[in-house]
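The values are calculated or read from the model by the stated rules, or taken from the named source; none is laboratory data. Note that the coordinates shown come from a computational prediction; the quantities given were computed from them, not determined experimentally. Please note: Cβ atoms are built from the backbone with ideal geometry, for glycine as well, and neighbour counts cover all protein chains shown.
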Amino acid sequence: MNSETYLDFCFVREHKGPFAEEIDSLLKALFKGVRVSWYLDEKTEEGVDIVVAEVKGMSRWQTEDEVIEHIEEHARDDFWNYLQGYKLFVYPNKKGCGSGCAGH
């Protein structure tokens, strides 16, 4: 069963120039075969390049722990070197439960 998936990542490195292209490449490899898309916001401040990646879509993951396990198994070393923070939200679709369910 698919889940609504929202992932936010913050990547930082010393200023070298365009950074979003590299992050896009890392995310393409990490999420190959997963039905998610992302928006990248790039800026340079105080001598560092910063990219905030907002990833969203549908996935087979049912919990945030499953997302972390996938990332730990598939992320390249550069992903870990640049990663400074993240937020993960996975909302499993409950079978037979529409948007009118209690607690939704």
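Below are the figures for this structure:
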quantity: Region 15-65, residues that are of a type in the set (D, E, K, R) and touching a Lys or Arg at 6+ places or on another chain (Cβ under 8 Å); calculated: Asp49
quantity: Residue under evaluation Thr63, criteria (1) of a type in the set (S, T, N, Q); (2) free of Cβ contacts under 8 Å to residues at least 60 places away in the same chain; (3) in contact with a helix residue (DSSP H, G or I) (Cβ under 8 Å, 6 or more places away or on another chain), criterion not met; calculated: (3)
quantity: Test: residue in region 91-100 that is under 14 Å from the mean Cα position of the chain (by Cα) and on the phi < 0 side of the Ramachandran plot; calculated: no
quantity: Test: residue in region 57-75 that is modelled with pLDDT of 95 or more and among the basic types (Lys, Arg); calculated: no
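Listed here are the residues, each with its yes/no results for (1) among the hydrophobic types (A, V, I, L, M, F, W, C); (2) within 12 Å of Leu30 (Cα to Cα).
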position	(1), (2)
Glu46	no, no
Gly57	no, no
Ile71	yes, yes
Arg76	no, yes
